[in-house]
Amino acid sequence: MKRQLARLAITLGISLQMACALADAAAAQAKIQIGCTATSDCASAMVAVDEGIFRKHGLDVEMTPIAINSNIPAAIMSNSIQIGGPTSTVFLQAVDGGLDLVGIAGASVMNPTSNNAITAFVRNGITINEPKDFVGKKVGAPGLNAFLHVLFVKWLVEKGVDPKSVKFVEVTFPTMADIIKSGGVDAVLTAEPFVTRMTNAGLGSVGARYAVELARTDPIIFYAASREWAEKNAAIVTKFRDAIAEAAVIVNSDREKASASIAKFTKQPLDLVKATPPNQSEPRLKPENLAWWIEVMSSQKMLQSKLDTSKLVLN
Amino acid sequence: MSLERTKPLLLPLAALLVFELWIRLAHLQSDSLAPPSAVLAALVAALADLSIPIATRDTLLAAFAGLAIGSVIGLALGIAFGISRVLDRLMEVTIEAIRPIPSIALLPIALIALGFGYRMEIVIVAFACVWPMLILSRTAVRGIEPRLMEVSRALRLTPVQRIIKIIIPAALPRIFVAFRLSAGIALIVAVTVEIAINPLGLGAGIMLAQQALRPDLMLAYLVWIGAIGYGLNLVLIVVQHRLFGRAATAGAGS
């Protein structure tokens, strides 16, 4: 029995030591970690990694895939990632909640192409002729109070429909086709490539292209960091901006290279990535770019405080 | 004998075959389901390109480290509470207030405090593993034959000697049952943490495969996690029988 006890103690001891060693390894961080969700929005960073643009500017960068966009602010604050790609809505809510984050460079912006890719896709058996047809319908959004949901609510308000008359539920992108097919929701707020896939599968039709009607050019996702890190590493931020500006040109002009990098990071099949144009890359981020979002989110009562745009973006 | 052995496999295999045929005949286009043959192909490919082996290493490292830390803490507290009724009563409210907190509910705080990586996952797994160990080892210590304790008193053993020579050996079979229970919990919690937040290991692999619209790969990860859980339990049962022989079944039965 003694030997068994000794064995057990040794096993536990080894495990503990391994745990401590791992914790130390995690603490010693030299690379800049950029955290993004598996979408094409951070394509400029993906291309900058793949094409060696970061390296050319003297930056050692690694990209971390993050499952849920709203986790990005917490990941930045814990220094797990130094730069993240939150959506405008996630960023503004985090800052409104008291996290000291700053935008340091632009990633993706809405433009006619990307706006055209955003739709409310309606299942078979439901007809939407005008905005008020959404009244009483169950609509699936990939995230409540997230990008597409906020845009759709803004569109409803502009069209004179009370958003409270629409029932919103959360439906993630990969499950949309199955839930639309089963009739679990009447419509989903979605984007390409899901629209084409669901249309081709005969699951329903496009009910509204609300982003086209809103016709905005504001940022979708931009690169953000903690103010403390960004101010301490001003030289790195400058290099990062230069590299992103260089990579953005490739994203907007060379679909082949952009698609290859996106497919590599998101692990999506290359054919699927190539079928959808990546969102427009816009490396510059100005404080006034966030004004529209603040106005929309305030009107939807998503922000408690009055945010000062000049403090939201690092000079 | 061979027929007897294969019999239990017939039903699942038939179900898989029917599922495969149904998907192929119905031309099912889904982002969350895939035919078993595609899942198998994805599993083989992910094993070959080392993505599954690396993810398995990450998940098991975090799960085992958390299990070890949680078990040691749970065992120490369990023995202390088992020996001392006073201490048990004093700590009862505190323990019962903390114990019901689902370990996953600690994720937002853990992310801000510890960041991504092994550390956060280990802490959450350890938190989840403390409780079954604490409660079962406390009960095990209380259930020790009173005459053994009398012997220890007659031998004038010091408290430390009493714990090492009498209490732990007598309670060990039941403590190992608690350890087995915790091991299952550790794996579940580790994978859940990865699915929810942590970008490493098998759970993150599932999420990434789902977001990459690769249901075959996603289900391959799922099958693999099932196999690991099964294998882990099997290993622990074998270890239990090797270590404790008939006492193991006595411990497991009670």
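We did not get these values from a lab; they are worked out from the coordinates using the rules stated. Remember, predicted model here, so these are calculated numbers, not experimental data. Reconstructed Cβ throughout: ideal geometry from the backbone, glycine too, with neighbour counts over all protein chains shown.
The mean sequence distance of close C-alpha pairs (under 8 Å, at least 6 residues apart), as a share of the length of chain A, puts its relative contact order at 28 percent. In order along region B:167-179, the phi-based Karplus estimate (6.51 cos²θ - 1.76 cosθ + 1.60, θ = phi - 60°) of 3J(HN,Hα) comes to 5, 4, x, 5, 9, 4, x, 6, 4, 5, 4, 4, 5 Hz; Gly and Pro are listed as x. Which percentage, to the nearest 5, of the DSSP beta bridges contained in chain A is antiparallel? Within chain A, antiparallel bridges account for around 55 percent of the total. Considering only B:ALA14, B:ALA46, B:ALA171, the mean-square fluctuation computed in a Gaussian network model of chain B, springs between alpha carbons under 10 angstrom, is largest for B:ALA14. Between A:GLY207, A:ASN145, A:PHE168, whose Cα lies farthest towards the positive end of the dipole of region A:113-214 when Lys and Arg beta carbons carry +1 and Asp and Glu beta carbons carry -1, centred on the Cα centre? Farthest towards the positive end: A:PHE168.
Applied to region B:86-103, the Karplus parametrisation 6.51 cos²θ - 1.76 cosθ + 1.60 on θ = phi - 60° returns per-residue 3J(HN,Hα) values of 4, 4, 4, 5, 4, 8, 3, 4, 4, 4, 5, 7, 8, 4, x, 5, x, 4 Hz, with x for Gly and Pro.
Roughly how many debye, to the nearest 20, is the charge dipole of region B:1-74 about its Cα centre, given +1 on each Lys and Arg Cβ, -1 on each Asp and Glu Cβ, and no other charges?
On the way: 4 positive and 5 negative charges, 42 e Å.
It comes to approximately 200 debye.
Report, as an integer, the average count of C-beta atoms from other chains found within 10 Å of each Cβ along A:67-78.
Working: counts 13, 4, 0, 0, 8, 0, 2, 10, 6, 1, 4, 9.
Counting other chains' Cβ atoms within 10 Å and averaging over A:67-78 gives 5.
Of the residues B:VAL44, B:LEU148, B:ALA113, the one whose Cα sits farthest towards the positive end of the charge dipole of region B:42-253 is B:LEU148 (charges of +1 on Lys and Arg Cβ, -1 on Asp and Glu Cβ, taken about the Cα centre). Averaged over the residues of peptide B:61-69, the number of Cβ atoms from other protein chains lying within 10 Å of each residue's Cβ is 4. As a length-normalised measure over Cα pairs under 8 Å and 6 or more apart, the relative contact order of chain B settles at 27 percent. Could you give the angle, 0 to 90 degrees to the nearest 10, between helix B:215-244's Cα long axis and the longest principal axis of the Cα atoms of chain B? Here the helix axis deviates by roughly 30 degrees. Would you grab the residues whose amide H sits under 5 Å from the one on A:MET63? Only those 5+ places off in sequence or on another chain, please, with H modelled 1.01 Å from N. Under 5 Å from the amide H of A:MET63 lie the amide H atoms of A:ILE34, each far enough along the sequence or on another chain. If you take all other residues with their beta carbon under 14 Å from the beta carbon of B:GLU194, and give Lys and Arg +1 and Asp and Glu -1, the sum is 0.
Between A:VAL169 and A:VAL139, A:GLY140, A:ALA141, the built amide H atoms are under 5 Å apart, and every one of these is 5 or more places off in sequence or on another chain.
Here the Karplus curve 6.51 cos²θ - 1.76 cosθ + 1.60, taken at θ = phi - 60°, turns the phi angles of region A:121-126 into couplings of 9, 10, 6, 4, x, 10 Hz, with x standing for Gly and Pro. Counting Cβ atoms of other protein chains within 10 Å of each Cβ in B:204-214 and taking the mean gives 6.
With a cut-off of 12 Å between beta carbons, the residues surrounding A:ILE236 carry a summed charge of +1, where Lys and Arg count +1 and Asp and Glu -1. When chain A is treated as a GNM, springs tying every alpha-carbon pair under 10 Å, which of A:GLU282, A:GLU256, A:GLU192 comes out with the largest mean-square fluctuation? Greatest mean-square fluctuation among the candidates belongs to A:GLU256.
Would you mind getting me the FRET efficiency between A:LYS232 and A:SER305? Use the beta-carbon distance for r and R0 = 30 Å, nearest 0.05. Before the final figure, lay out each step's value.
Numbers: r = 25 Å, r/R0 = 0.85.
Using R0 = 30 Å, I get an efficiency of 0.75.
What's the magnitude of the charge dipole for chain A around its Cα centre, counting Lys and Arg as +1 and Asp and Glu as -1 at the beta-carbon? Answer in Debye, nearest 20. Walk me through the numbers before you get to the answer.
Values: 32 positive and 29 negative charges, 164 e Å.
The dipole magnitude comes to about 780 debye.
Neighbours of B:VAL39 by Cβ distance under 10 Å: Lys/Arg scored +1, Asp/Glu scored -1, total -2.
Close amide H pairs (under 5 Å, H built 1.01 Å from N) link A:VAL206 with A:VAL122, residues at least 5 positions away or on another chain.
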